[in-house]
Amino acid sequence: MAKYLLLKHYRGAPAATNNVPMDQWTPAEVDAHMKYMDDFAAGLQRTGEFVHADALSDRGMWVRYDGEGRPPVTDGPFAETKDLIAGWMIIDVDSEERAIQLAGELSAAPASGGKPNGEWLEVRPFLTWDRETTAD
Amino acid sequence: MQEEVVRDLVPPAISALCRRGADFASAEDAVQEALLKALANWPDSPPRDPQAWLITVAWRQFLDQLKSADARNARELRLAQQPAPGTPPGTDDSLRLYFLCASPALTPASAVALTLRAIGGLTTKQIADAYLVPEATMAQRISRAKRQLGGIRLDAAGDLRTVLRVLYLVFNEGYSGSLDLTAEAIRLTRQLASLTSDPEVRGLLALMLLHHARRSSRTGPDGRLVPLRSQDRTRWDTETIAEAVVILQDALAADQLGEYQAQAAIAALHADARTVEETDWVQIVSWYDELLAITDSPVVRLNRAVAVAEADGPAVGLAALAEVDPSVPRHTAAAAYLHENAGDLTRAAHLYAEAAQKAGNTKERDHLLREAARLRSSR
């Protein structure tokens, strides 16, 4: 089993095939989209592949160390930030093929006009921590 | 009572319930419930006969499950209330349980989870912690696996290869969380070896023990990875190595070579060398040839190329490496090491850095980064 992060972006991903912003959908279309996401997560729970899911606010800022005894420097939020992560789902699956298949399903969530969203999701494998192997 | 002793009681309890007419899925659930009660109650009031206690409480649990499902299962209930056969579950039952949990009908992850629960006697929470997933996810994975086993009976024919594969997977998961899966895999393989005389089972047990014996030298005091060639060999567990070598010799004497015996033979040759210079690389290469004849795996080809480099020099090793599919994990790391030995430090440093980017785990990545940094700062 290997864990994968399915990353959803507010901005920064290539354009979705059904690229109407969510605020221009009908309420019923939004509901259908949300229900699809919930059902998707519930399905993964049933197959024993669900680890975690969460969403991020689109607010946020950059922070860095600014020298001994000084408070950290903050900057932002930047309206123009190119890449903005919206949320993620962590799955634990048997293969990369399965991770890709699931990301494809997630990207098929209904959007404007009830048609599949077709948004790009970023799929990233996790590094494992401590794995003793017989390989050496 | 030690936890391991309690866990040993789980498979016989499942077999006992199945013999009394319970289906495997219900029996396994009932025993898990009884196990949780045992873990909660036994520290304060240990039973006189723990095995009988577990079977009795699990059986009661099973009957309760049936009653709550009631009318639909009226027929099963009648069946279940018939007197239990008196004979205790034997060797065959235990072996069948291994086969069932490793059924090819299951995905590897499901087979691993079910094996750890029904044979290892671990709780769902312990397994979930070890694999860093929520308990609910692991519970679903296990109940789904049992549904997939649906019609398969406990006495169906099984394949020992798939069982060994499952145990090997558990071993390679190592230790994460609070549970030592390496030790658990050894415990289960040892049990399996007592149930069958198949030499590959003993080969796998020897392989696990040989790796386990090197465990304390594999990690430095700061938690960093120490490769085999740099390990402090005085820290190897010689008692475990000696035990493994006896098991391996016994297996090889059966003259039915398999991949685990061949891998164990290679591990034994490493274990036998008191210094890295004493390593018998020529014999190791010939065992890799045997292993290739059995498995024809690209990973084996890669490891063989590294052994060839040690036996015949880095140039010959690099030529062997050129024949290996470059997408094999650790290919770049092996190339870096061979180029370093061939004296091309610039290229080696570059390859170590590239290998670090491709590494699948943090310890390996950090090790490769340090190797790149070491070469770059020595220039």
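The values are calculated or read from the model by the stated rules, or taken from the named source; none is laboratory data. Given the structure is predicted, the values throughout are model-derived calculations rather than measurements. Here Cβ is always computed from backbone atoms with ideal geometry, including for glycine, and neighbour counts include all displayed protein chains. When the accessible area is computed, the model is the full protein with side chains, heavy atoms only, and any ligands, DNA or RNA have been set aside. Shrake-Rupley method; radii C 1.70, N 1.55, O 1.52, S 1.80 Å.
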query: Condition test on B:Pro89, is it open to solvent by 20 Å² or more (accessible area, probe 1.4 Å) and modelled with pLDDT of 90 or more?
result: no
field: Residues satisfying the stated conditions in region A:46-57, i.e. more than 14 Å from every other protein chain (Cβ to nearest Cβ) and exposed (fewer than 13 other Cβ atoms within 10 Å of the Cβ)
entry: A:Ala55, A:Ser57
Residue satisfying condition, being closer than 22 Å to A:Ala103 by Cα, within 14 Å of chain B (Cβ to nearest Cβ) and part of a helix (DSSP H, G or I), within set A:Ala32, A:Ala41: A:Ala41
message: If a residue must be in contact with a helix residue (DSSP H, G or I) (Cβ under 6 Å, 6 or more places away or on another chain), farther than 15 Å from A:Ser107 by Cα and of a type in the set (A, V, I, L, M), how many such residues does region A:1-38 contain?
response: 1
- prompt: How about region B:327-379: which of its residues are under 17 Å from B:Asn303 (Cα atoms), within 29 Å of the chain's Cα centre (by Cα) and open to solvent by 60 Å² or more (accessible area, probe 1.4 Å)?
  reply: B:Ser327, B:Pro329, B:Arg330
message: Please count how many residues of region B:111-163 are of a type in the set (A, V, I, L, M) and over 21 Å from B:Leu179 (Cβ atoms).
response: 6
query: If B:Leu132 satisfies every condition in (1) part of a loop (DSSP other than H, G, I, E, B); (2) open to solvent by less than 30 Å² (accessible area, probe 1.4 Å) but one, which is the exception?
result: (2)
message: Out of the residues in region A:71-117 meeting the condition of being open to solvent by 80 Å² or more (accessible area, probe 1.4 Å) and within 14 Å of chain B (Cβ to nearest Cβ), tell me which one is nearest to B:Asp129 (Cα to Cα).
response: A:Glu96
field: Members of region B:90-114 found to be in a helix (DSSP H, G or I) and within 14 Å of chain A (Cβ to nearest Cβ), listed by number
entry: B:Pro108, B:Ala109, B:Ser110, B:Ala111, B:Val112, B:Ala113, B:Leu114
field: B:Val300, sole failed condition from (1) open to solvent by 40 Å² or more (accessible area, probe 1.4 Å); (2) within 14 Å of chain A (Cβ to nearest Cβ)
entry: (1)
message: Take the residues in region B:168-185 that are away from chain A (no Cβ under 12 Å) and outside any loop (DSSP other than H, G, I, E, B); name whichever of them is least open to solvent (accessible area, probe 1.4 Å).
response: B:Glu184
- request: Output the number of the condition that B:Leu192 fails; it satisfies all remaining conditions of (1) within 12 Å of chain A (Cβ to nearest Cβ); (2) open to solvent by less than 10 Å² (accessible area, probe 1.4 Å).
  value: (1)
- prompt: When you scan region B:305-379 for helices (runs of 4 or more DSSP H) that lie fully inside it, which ones turn up with 2 or more residues that are in the same structural domain as B:Asp289 (by TED's automatic domain parsing), over 22 Å from A:Thr128 (Cβ atoms) and acidic (Asp, Glu)?
  reply: none
- request: Select from region B:256-297 the residues that are within 22 Å of B:His331 (Cβ to Cβ) and modelled with pLDDT under 95 and write down the one among them that is farthest from the other protein chains (Cβ to nearest Cβ).
  value: B:Asp296
- prompt: Which one of these is over 25 Å from A:Glu97 (Cα atoms), open to solvent by 80 Å² or more (accessible area, probe 1.4 Å), over 14 Å from the mean Cα position of the chain (by Cα) and free of Cβ contacts under 8 Å to residues at least 24 places away in the same chain: A:Pro21, A:Pro27?
  reply: A:Pro27
- prompt: Within region B:29-44, which residues are part of a loop (DSSP other than H, G, I, E, B) and open to solvent by 70 Å² or more (accessible area, probe 1.4 Å)?
  reply: B:Pro43, B:Asp44
message: Suppose we filter region B:24-65 for residues that are of a type in the set (Ser, Thr, Tyr) and modelled with pLDDT of 95 or more; how many remain?
response: 1
query: Filtering region B:218-262 down to residues that are in contact (Cβ under 8 Å) with a residue 60 or more places away in the chain and assigned to a helix (DSSP H, G or I), which residue is surrounded by the fewest Cβ atoms within 10 Å (Cβ to Cβ)?
result: B:Gln261
